[in-house]
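The values are calculated or read from the model by the stated rules, or taken from the named source; none is laboratory data. Computed from a prediction, not measured in an experiment: that's the story for all the values here. For neighbour counting, all protein chains shown are included, and Cβ atoms are generated from backbone atoms with ideal geometry for every residue, glycine included. All accessible areas refer to the heavy atoms of the entire protein, side chains included, with ligands and DNA or RNA removed. Shrake-Rupley method; radii C 1.70, N 1.55, O 1.52, S 1.80 Å.
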Amino acid sequence: MIAYSQEMLDVLDFVYHVASSDSTILVLGESGVGKEVIGKVLHENSLRFEKGLFVKVNCGAILLIY
């Protein structure tokens, strides 16, 4: 991943720091801001990388029936 702005470099530093822990991460943000890219970077640098695939879930496509 390539980043130029200081804000994005700060985000990437945080992502690499969090990826080294065994925590569950929820990535939130508006449409088109790169949540999937950040999620993939997190997964590729995590301890869980070799245990399973990265799965993107489109929460807008989930239908709840009561």
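Residues in segment 12-28 that are surrounded by 11 or more Cβ atoms within 10 Å (Cβ to Cβ), hydrophobic (A, V, I, L, M, F, W, C) and within 18 Å of residue 54 (Cβ to Cβ): 12, 15, 18, 19, 25, 27.
Considering only segment 1-11, state which residues are assigned to a helix (DSSP H, G or I) and either touching a Lys or Arg at 6+ places or on another chain (Cβ under 7 Å) or open to solvent by 100 Å² or more (accessible area, probe 1.4 Å) (or both).
Once the filter is applied, which keeps residues that are assigned to a helix (DSSP H, G or I) and either touching a Lys or Arg at 6+ places or on another chain (Cβ under 7 Å) or open to solvent by 100 Å² or more (accessible area, probe 1.4 Å) (or both), segment 1-11 yields 6, 7.
Just checking, does segment 45-59 include any residue being loosely packed, with under 10 Cβ neighbours inside 10 Å and in a helix (DSSP H, G or I)? Scanning segment 45-59 turns up at least one residue that is loosely packed, with under 10 Cβ neighbours inside 10 Å and in a helix (DSSP H, G or I). The requirement of being part of a loop (DSSP other than H, G, I, E, B) and charged (D, E, K, R) is satisfied by residue 22.
With respect to the numbered conditions (1) surrounded by fewer than 11 Cβ atoms within 10 Å (Cβ to Cβ); (2) out of contact with any helix residue (DSSP H, G or I) (no Cβ under 7 Å at 6 or more places or on another chain), which one is the sole condition not fulfilled by residue 35? The single condition residue 35 does not satisfy is (1). Filtered by the rule that a residue be outside any helix (DSSP H, G or I) and not hydroxyl-bearing (Ser, Thr, Tyr), segment 25-44 gives 25, 26, 27, 28, 29, 30, 32, 33, 34.
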